[in-house]
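Every number here is computed from the coordinates shown, using simple stated rules; none is lab data. Please read these numbers as outputs of a predicted model, since none were measured by experiment. Glycine gets a Cβ as well: all are built from the backbone with ideal geometry, and neighbour counts include every protein chain shown.
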Amino acid sequence: MSAPAPNSASSKVDAPLGKLQIFGYSALMWPLVMAAASVPTFIPSYYSRSLGLSLATIGIATLIGRFADIASDITVSYLSDNTRGRFGRRRPWVVLGTPLFLVTMWELCRPPAGLSPAGTVVLMVAFFWCWTMVLIPYLAQASEITNNDRSRNRINVLQAMFSSFAGIIPSLIVYLVRDADPSNVPYGKILTVTAIITMLTMPVALALYVWLAPERVAAPTSRARVAYSAVLGNRVFRLFLVGNVLIQAGWYWYLTLLPFNVSYVLEAPGLVLPLFLLSQTGAIVAAPLFPRLMDRLGRARAFALLAAVPALGMAVTFFLHPGHPGVTIAVFVVTGLTVSPLAMLPFSIASDAADYALWKTRQDSTGLHVGVVSLTIKLALVATGGALWLTSYWGFEPSHPVNAPTAITALRVLATVVPAGMMAIGALCVFVFPITKRRLQVIQSRLRARPSAVTADFGERAALAIRRREAAAMRAPGRG
């Protein structure tokens with residue numbers, strides 16, 4: 001007996017997205033990443049130098065803020081999966097969360113003078129809760145608007161390019177108006193420019209998203225709410241989560257200590273901004289090469305291979321010494337080539353795992369899977385607080401006129417060897433992720449053959465409900 005043919009709604013989801021639809025959906029990554037990237041990169045330096053907070057204080061405040069922030073992923077992903085309404089289950093979160101995100105972002109980038117450690121925690125927690133209200137539903141929607149493998153890869157790459165542009169634009173503007181002294185890195189100006197550009201671009205990106213991105217939601221298989229068991233029972237997802245935690249922790253650990261490593265170990269503070277600019281530029285140039293790698297290897301194995309590149313670059317960075325700026329620039333540029341897909345691919349792999357969970361449990365838990373990935377990334381970001389605390393514990397403080405040789409050596413090891421080891425082990429874990437490209441195609445074909453699991457356009461579902469109510473009314477006593 002042959003499998004039932006996919007209905008028209010399923011065909012729509014399987015069909016490739018248009019270029020404008022992909023662009024309209026992906027553009028929202030620009031302001032979201034622009035605001036969030038400044039937290040691990042520039043805020044520690046700005047808060048320590050300009051606000052007078054020690055690295056240990058900033059590290060502890062970051063740890064507390066990150067742990068509190070974890071609850072936002074669990075809450076928002078669960079609520080968005082179980083949201084039902086005429087406007088869909090993802091878009092209302094994105095639209096309503098945007099104003100809160102913008103307000104808290106401005107306060108974090110432009111903190112008041114005399115900010116206390118407790119105030120720092122409050123600002124970070126408020127910002128990331130509001131950021132999560134937008135980010136998690138937005139990312140979960142990617143797998144709902146298309147099942148087409150090529151379209152998903154194109155979304156990944158375009159989001160990666162927007163992420164790289166988001167990192168390069170504020171630094172480029174401030175670099176052009178920097179002080180005459182190259183060692184005086186204007187971290188405060190970078191944060192101000194970041195906040196202004198985010199405030200200007202977020203409304204435009206939101207308008208494109210609402211106008212161009214389709215709203216297609218999964219047809220529920222039952223009246224029951226989507227449960228956490230759909231994720232917790234997904235055995236193929238667990239090993240990937242371990243690997244992703246290590247990869248993301250290694251990258252953010254490295255990124256947090258990079259300004260200090262360049263300024264004090266390599267004795268080239270004037271290279272900090274050029275390195276950020278060149279690394280982001282290299283990532284943008286390399287981005288068009290990644291879809292071919294994903295098509296050939298599948299998303300999980302491509303992710304593992306891309307994670308091995310910065311791990312190798314960090315290991316090489318350990319052997320760099322002052323006085324060789326050309327070699328330093330080359331190593332740092334290669335290290336950052338794959339950073340954009342490393343940030344975006346985990347969410348697509350989570351969507352692949354959600355397809356597997358849908359096949360097994362009949363619960364469409366994409367939001368929860370994406371939320372758990374975001375949660376693991378935030379667990380990884382806890383490592384940034386640990387990196388700062390350990391660096392201070394071993395005697396390094398940027399506010400000291402002179403740091404002891406032992407403190408500089410500890411900074412060298414913590415900034416290179418430790419994150420390289422994390423990323424290498426994480427890459428090995430992800431490489432054995434069992435949902436390969438071919439297995440994913442089999443899972444999706446079985447889902448298409450299951451009438452209760454197909455995805456439907458929101459408008460078609462609404463029209464179907466109206467027709468059913470009209471039919472029921474016609475069958476009621478006194479009719480006909």
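I'd like the FRET efficiency for Tyr393 and Val103, computed as 1/(1 + (r/R0)^6) with the beta carbon distance as r and R0 of 45 Å, rounded to 0.05. The formula returns an efficiency of 0.80 here. For the pair Leu312 and Arg292 in one chain, pulling the backbone fully straight at 0.36 nm per residue adds 5.0 nm over the alpha carbon distance. Taking Cα centre as origin and charging only the Cβ of basic (Lys, Arg, +1) and acidic (Asp, Glu, -1) residues, the dipole magnitude of segment 50-94 rounds to 400 debye. Couplings 3J(HN,Hα) for segment 232-247, derived from phi with the Karplus relation 6.51 cos²θ - 1.76 cosθ + 1.60 (θ = phi - 60°), are 4, x, 7, 5, 6, 7, 5, 5, 4, 4, 4, x, 5, 4, 5, 5 Hz, where x marks Gly and Pro.
With the simple model of a label 7 Å out from the Cα in the direction of the Cβ, Thr75 to Phe319 spans 4.9 nm. Here the spin labels are modelled as points 7 Å beyond Cα on the Cα-Cβ line, and at Val95 and Arg110 they lie 2.8 nm apart.
Projecting the Cα atoms of Val373, Tyr254, Leu271 onto the dipole axis of segment 247-392, where Lys and Arg carry +1 and Asp and Glu carry -1 at the beta carbon, places Val373 farthest toward the positive end.
Inter-label distance, Ser50 to Val442: 5.6 nm, where each label sits 7 Å from its Cα along the C-beta direction.
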